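Some notes on the structure that comes next.
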Amino acid sequence: MKILKLLLPALMVLGLSFSTAWAAGQLAAERGEAIFNDPDFAGISTSCSSCHHNGQGLKKVGEKTGFNILGETEASLEDAVNYCIAIFGNGQAIDVDSPKMKDLTAYIKTLR
Ligand code: HEC
């Protein structure tokens, strides 16, 4: 009985932190989707979604480990996003560790 008294709260805390982490991931992806559809993001000439309509060309991109765009090798998803911002969008690359990049990549990883 004593073990249950100890185990139960521990399990509850564990469950709560898992669901909190899940909800945080959901919110990040939702913010990322808004950025993806934003025509004014990072000074780009047109939104990500106008070229990648319905995530076109980005399905399962979150699972890739290497990127090659127009013969240029990009080491990470963040670098590939910045390449797109600068080269295709004519915009200003953003900090790879910024909250906006985290939200954007969280959304891209939901595309399958
Ligand atoms: C003007 C059109 C255009 C815009 C705007 C654009 N992209 Fe792209 N994107 C492309 C093209 C074209 C490719 C290269 C596809 C290929 O090589 O198969 C690409 C490639 C990518 C890749 C790499 C895909 C892979 O499989 O390696 C990512 C990630 C990406 N874009 C994300 C974005 C994001 C995020 C935005 C908005 C910030 C964006 N793109 C805006 C046209 C665009």
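Read-outs throughout are calculated quantities, based only on the coordinates presented, and are distinct from any laboratory measurement. In this text the structure is predicted, and so the values were computed from the model without any measurement. Here the Cβ positions follow ideal geometry from the backbone for every residue, glycine too, while neighbour counts run over all protein chains shown.
Ordering G66, T110, N37 by the projection of their Cα atoms onto the charge dipole of the chain, which places +1 on the Cβ of Lys and Arg and -1 on the Cβ of Asp and Glu, puts T110 at the extreme positive end. The residues packed around A28, meaning those with a beta-carbon under 13 Å from its beta-carbon, carry a net charge of +1 if Lys and Arg are +1 and Asp and Glu are -1.
Based on every Cα atom in the chain, Rg and the maximum pairwise Cα distance Dmax equal 18.5, 65 Å. When +1 charges are put on Lys and Arg Cβ atoms and -1 charges on Asp and Glu Cβ atoms, the dipole computed for the chain relative to its Cα centre reaches about 740 debye. Comparing A21, A80, A29 in a Gaussian network model of the chain where C-alpha atoms under 10 Å apart are linked, the largest mean-square fluctuation is found at A21.
Database remark: amide H of E74 closer than 5 angstrom to the amide H of F67, N68, I69 (H placed geometrically; neighbours at sequence offset of 5 or more, or on other chains; Pro and chain starts carry no H).
Close Lys pairs in the chain, defined as Cα atoms under 17 Å apart and 8 or more places apart or on different chains, number 6.
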